[in-house]
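Here's the structure, in structure tokens; my notes come after.
The values are calculated or read from the model by the stated rules, or taken from the named source; none is laboratory data. Worth saying up front: this structure is predicted, and the values here are computed from it rather than measured. For neighbour counting, all protein chains shown are included, and Cβ atoms are generated from backbone atoms with ideal geometry for every residue, glycine included. Calculation scope for accessible area: heavy atoms of the full protein, side chains included, ligands and nucleic acids excluded. Shrake-Rupley method; radii C 1.70, N 1.55, O 1.52, S 1.80 Å.
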Amino acid sequence: MSEIANASEKIPVDFWFDPSCPWAWMTSRWVLEVEKVRDIEVRWHIMSLAVLNEEKLDQLPEEYRDFLATKAWKPVKVVTAAWQKHGADVLGPLYTALGTRIHNNDEGPTVEAIAGALKDVGLPADLIDYADQEDFEFDAQLRASHKEGIDKVGQEVGTPVIAVPGSDGGQIAFFGPVVTPAPKGEEAARLWDGTLAVASVPGFYEIKRTRTKGPDFSNL
């Protein structure tokens, strides 16, 4: 890990997520496992699959276009509003509550699931009003957060984006990893160490193989 900045304090790990993405959810649970066995501290940030894809909607399958238009915006807007009105500290707990309902409990990114998540973490119930706000009050802040994350890795990726300090004072950033189920314990730590090892190599871009199964939430 010579390429990663050395420090006695915990290493900040910036994590950009869209709460409706099952793969980002899986990766987020893995990172929280890593937090137990490595000296890291996760800092949560919001990004949006709807924003990411809004310039290429005509290239997407109809089902995915419908998802982006009718479902993906709702949790993103509510999470952004909660962040803006109640501070960044609410992002982690709210994401956990949302992801548990949306993915683990298979409630989907519905208004009911979002309202339930707000209640789970003790946030004001009226935040749900932002889910369907057409002229979204915090659109600029959402797009700025999204841009900050996606600019680190480029447009041809998705969520999550992870960034860690590099030895040169900058950041090492990458999309993913895409993994299922979420590794636990030392297996989670080995994947973290390996991910940082390859991401730290200048000019390294991609390792990939065809997915043969969908997200497995059974161990979350």
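A compact table of results
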| quantity | calculated |
| --- | --- |
| Candidates Phe136, Phe17, Phe174, ranked by Gaussian network fluctuation over the chain, Cα under 10 Å, top entry | Phe136 |
| Extension reserve of the Arg65-Asp39 stretch, reckoned as 0.36 nm per residue once the Cα distance is removed | 5.4 nm |
| Sequence-distant residues sharing a close amide H with Gln171 (under 5 Å, placed H) | Gly166 |
| Solvent-accessible area per residue, Å², over the chain with all protein chains present [probe radius 1.4 Å] | 52 |
| Charge dipole magnitude, Cβ of K and R +1, D and E -1 - the chain, Cα centre, debye nearest 20 | 580 |
| Order of exposure, largest accessible area first, which applies to Trp16, Trp73 with probe 1.4 Å | Trp73, Trp16 |
| Cα gyration tensor category, rounded, prolate or oblate, for segment 71-124 with a/c compared to 1.5 | prolate |
| Listed peptides 85-96, 157-168 by packing density, highest first (mean Cβ within 10 Å) | 157-168, 85-96 |
| Whole-number percent relative contact order across the chain, with pairs defined as alpha carbons under 8 Å at least 6 apart | 32 |
| Overall form of segment 131-220 per C-alpha gyration tensor (a/c, 1.5; a/b vs b/c) | oblate |
| Contour excess over end-to-end distance, with Cα ends at Glu137 and Lys119 and 0.36 nm allotted per residue | 4.3 nm |
